[in-house]
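The block underneath contains the structure these notes are about, expressed in structure tokens.
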Amino acid sequence: MARIFVTLGALSAALAVAAGAFGAHGLRGRLSPELMAVFDTAARYQMNHALGLLAVAWASRSLGSSAAAAGWLFVAGTVLFSGSLYLLALGGPRWLGTVTPLGGLCFIAGWAALAWSAARG
């Protein structure tokens with residue numbers, strides 16, 4: 001399981017850097033300051049949770065598969081939270097705003113699951 005989360009975390013981090021660069025160089029001046037802030041938030045949360053996936057990979061070596069739930073919640077959170085914000089910033093339908101909080105809940109649940117897994121040892 002550790003290999004999967006290292007792979008997903010590294011790929012997600014690479015995509016977050018690419019998205020940040022695209023936002024800074026390709027979108028600056030094309031999006032309103034408010035939409036730029038939305039795009040930047042998506043990239044920042046994606047990077048933070050890519051690092052969280054690497055933490056899950058590290059933890060799973062000592063905690064076993066009990067940490068896997070946290071990793072899958074981080075993956076779901078990235079798709080739902082960051083994905084919906086990227087799409088909203090780029091002109092996607094407004095209903096995507098209802099998806100974003102679900103991604104946030106996945107992030108919170110992922111961190112709680114990682115804490116629970118560590119506390120259980």
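The values are calculated or read from the model by the stated rules, or taken from the named source; none is laboratory data. Computed from a predicted structure; not experimentally measured. Don't worry about glycine lacking a Cβ; one is built from the backbone with ideal geometry, like all the others, and counts go over all protein chains shown.
Do we have A14 as at pLDDT 95 or above, on the phi < 0 side of the Ramachandran plot and in contact with a Gly (Cβ under 6 Å, 6 or more places away or on another chain) here?
Taking the combined requirement at face value, the residue does not satisfy it.
For (1) in a helix (DSSP H, G or I); (2) under 15 Å from the mean Cα position of the chain (by Cα); (3) at pLDDT 95 or above, each residue gets a yes or a no:
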{"site": "T7", "(1), (2), (3)": "yes, yes, yes"}
{"site": "G29", "(1), (2), (3)": "no, no, no"}
{"site": "M36", "(1), (2), (3)": "yes, no, yes"}
{"site": "A42", "(1), (2), (3)": "yes, yes, yes"}
{"site": "A50", "(1), (2), (3)": "yes, yes, yes"}
{"site": "G64", "(1), (2), (3)": "yes, no, no"}
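Out of region 1-43, which residues are surrounded by fewer than 14 Cβ atoms within 10 Å (Cβ to Cβ) and either among the hydroxyl-bearing types (S, T, Y) or under 12 Å from V75 (Cα atoms) (or both)?
T7, L11, S32
Enumerate the pairs (first residue in region 101-117 and exposed (fewer than 13 other Cβ atoms within 10 Å of the Cβ); second residue anywhere and not β-branched (V, I, T)) with beta-carbon separation below 8 Å, excluding pairs fewer than 6 apart on the same chain, so at least 6 apart or on different chains.
Every condition considered, no pair remains.
Do we find that A69 is small (G, A, S) and either within 20 Å of A118 (Cβ to Cβ) or at pLDDT 95 or above (or both) in this structure?
Details: small (G, A, S): yes; either within 20 Å of A118 (Cβ to Cβ) or at pLDDT 95 or above (or both): yes.
Yes: the conditions hold for A69.
Looking at region 44-62, is at least one residue farther than 16 Å from V6 by Cα, polar (S, T, N, Q) and surrounded by 15 or more Cβ atoms within 10 Å (Cβ to Cβ)?
No, there is no match, as no residue in region 44-62 is farther than 16 Å from V6 by Cα, polar (S, T, N, Q) and surrounded by 15 or more Cβ atoms within 10 Å (Cβ to Cβ).
If you check L88 against the conditions, is it in contact (Cβ under 8 Å) with a residue 60 or more places away in the chain and more than 14 Å from the chain's Cα centre (by Cα)?
No, not satisfied.
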